[in-house]
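Notes for the one structure printed next.
No value in this document is a laboratory result; all are computed from the given coordinates. Remember, predicted model here, so these are calculated numbers, not experimental data. No Cβ is skipped: glycine too gets one built from the backbone with ideal geometry, and neighbour counts run over all protein chains shown.
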Amino acid sequence: MTSPSSHLTLKEFCNSHYKGSAKHDGLEAVIDGIASGARDLEGQIRNGNLLGMLGTTGDVNVQGEIVQQLDAISSDTFVKKFQESGRVAMVGCEEIEHPVTFGDSEQHKYIVLMDPLDGSSNIDVAVSIGSIFGIWKRESSKSLNAESLLMPGSKQIGSAYVVYGSCTVLVVATEGSVNEFTMNPKDGDFYLTSANIMYPDKTPYYSVNDGNTAKWVDGIVKAVDQLRDGRSQRYIGSLVADFHRNIIKGGVFLYTADTKNTIGRLRLMYEANPLGYVSVQAGGAVSNGVENILNIQPVELHQRVPLIIGNKTLVNQIIETIKVT
Ligand code: AHM
Ligand code: MG
């Protein structure tokens, strides 16, 4: 058995990897904001039922979805953390219709797109949920406006996600490097628990909402049939938690377009792009069935996209099957 103190802390990791580097200058403050927000939220999620913080706010968000109290709390929490970091110029968020601008000084280098609480349908049933963040450098020569955050996923300089599960993990990705930190509930600090994560070659799992089968085109039906052969289906209904299992254990997740979700269900800017960036850094892939999602030029903050993400061989197999069917 090891003790947390034998692991590198997130702070030590960030200071040695990002502090003072021209490319990642100030990124440690953004990551620290994510860790601090996750720490606060973790307590609220664990105690939500006892504190009367479960259930809806009575509002409907810009997606037309009912807002849960913890959706609103998580959004407010991370917005505040990013503002306090002094390094984030602008935030785009699933729960907020328009981007929030903090400042355009020399210090305000980053733009963050976030899904502050992914897996909303699992909040009040004690099932894993998470938070997702894409991080872009802002173009300092241009003034900030609603268009500033419409950058393709390939321009991200990093991304991160948190899973509030049987333990709370924070995964941080920058170019060529994906690292997992686990929160120690005793001191609230995050400690490095898996360095340089890469997808394993084996692919025991596939994740898909089977209830949509009747709405799929033939190519998807066939592709999912192929995935069934020798693999177990695992579908939590929290993208971030399904993604985390698949990157660690091996597998693929898909939520493609169907007759109901004709343009896909999941969101390009704060779900597909950040997790797609992690996937590619870990040797995996991300696609909408036709092209690498990271190459899509976004047209609006809340746009949806068909998503196939995970082990590269499986992503390519699905694309090929769709193409020839
Ligand atoms: P959310 O961001 O409002 O929680 O919605 C996104 C979630 C994903 O986490 C999950 O993969 C998907 O919606 C589940 O959708 P469905 O219930 O249609 O399977
Ligand atoms: Mg989500």
Fill in the blank from the handout: A correct Karplus calculation of ³J(HN,Hα) over segment 70-86, with 6.51 cos²θ - 1.76 cosθ + 1.60, θ = phi - 60°, whole Hz and x for Gly and Pro, returns 6, 4, 5, 5, 5, 4, 4, 4, 6, 4, 5, 4, 5, 5, 5, 4, x
Handout entry: Karplus (6.51, -1.76, 1.60) ³J(HN,Hα), θ = phi - 60°, over segment 117-133, in Hz, Gly and Pro reported as x
Key = 8, 8, x, 3, 5, 9, 4, 9, 10, 6, 10, 3, 10, x, 9, 10, 9
Problem - the chain shape via C-alpha gyration tensor axes, a/c threshold 1.5 - result: rounded
Handout entry: Degrees between helix 239-249 axis and first principal axis of the chain (Cα, 0 to 90, nearest 10)
Key = 80
Practice task
With 5 Å bins from zero, work out the P(r) of segment 4-194 over every alpha carbon pair and list the percent per bin.
Solution key: 1, 8, 17, 20, 20, 16, 11, 6, 2, 0
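Based only on other Cβ atoms within 10 Å, what is the fewest-to-most ordering of C93, C14, C167?
C167, C14, C93
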Exercise for the section: Compute the signed sum of charges (Lys and Arg +1, Asp and Glu -1) over the other residues within less than 13 Å, Cβ to Cβ, of R138. Expected result: 0
Problem - Per DSSP, loop trypsin sites (Lys or Arg not before Pro) in segment 186-275 with at most 11 further Cβ within 10 Å - result: K186, K202, K260
Handout entry: Residue order, fewest to most surrounding Cβ atoms within 10 angstrom, among M269, M151
Key = M151, M269
Completion exercise
Expected vector for segment 147-162, Karplus 3J(HN,Hα) from phi with 6.51, -1.76, 1.60 and θ = phi - 60°, integer Hz, x for Gly and Pro, equals 7, 4, 9, 8, 10, x, x, 5, 8, 4, 9, x, 7, 7, 8, 10
Fill in the blank from the handout: Given 271-282, 152-163, 101-112, the highest-first ranking by average Cβ count within 10 Å works out to 271-282, 152-163, 101-112
Handout entry: Shape call, segment 205-324: gyration tensor on alpha carbons, a/c limit 1.5
Key = rounded
Completion exercise
Length gained, I66-S143, 0.36 nm per residue minus C-alpha separation, equals 24.3 nm
Handout entry: Pairwise label distance in nanometres, K222 with K249, each label 7 Å out on the Cα-Cβ vector
Key = 2.9
Completion exercise
Taking Cα atoms only, helix 27-47 is inclined relative to the longest principal axis of the chain by an angle, in degrees rounded to 10, of 70
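So if we plug the beta-carbon distance of L150 and T2 into 1/(1 + (r/R0)^6) with R0 = 45 Å, what FRET efficiency do we get, rounded to 0.05?
On the way: r = 44 Å, r/R0 = 0.99.
Using R0 = 45 Å, I get an efficiency of 0.50.
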Exercise for the section: Mind giving me the nanometre distance, one decimal, between the label points for T259 and E97, set 7 Å out from Cα along Cα→Cβ? Expected result: 3.3
Exercise for the section: For N292 and S105, compute 0.36 nm times the residue count separating them, minus their Cα-Cα distance, and round to one decimal in nm. Expected result: 64.0 nm
Exercise for the section: Mind running the shape call on segment 23-77? Use the C-alpha gyration tensor, a ≥ b ≥ c as the square roots of the eigenvalues: rounded below 1.5 for a/c, prolate if a/b tops b/c, oblate otherwise. Expected result: oblate
Practice task
Could you sort out which of K19/K155; K80/K155; K155/K215; K186/K249 sit more than 30 Å apart by Cα distance in this structure?
Solution key: K155/K215
Exercise for the section: Give me W136, W216 ranked fewest to most by other Cβ atoms within 10 Å of their Cβ, as a rough exposure proxy. Expected result: W216, W136
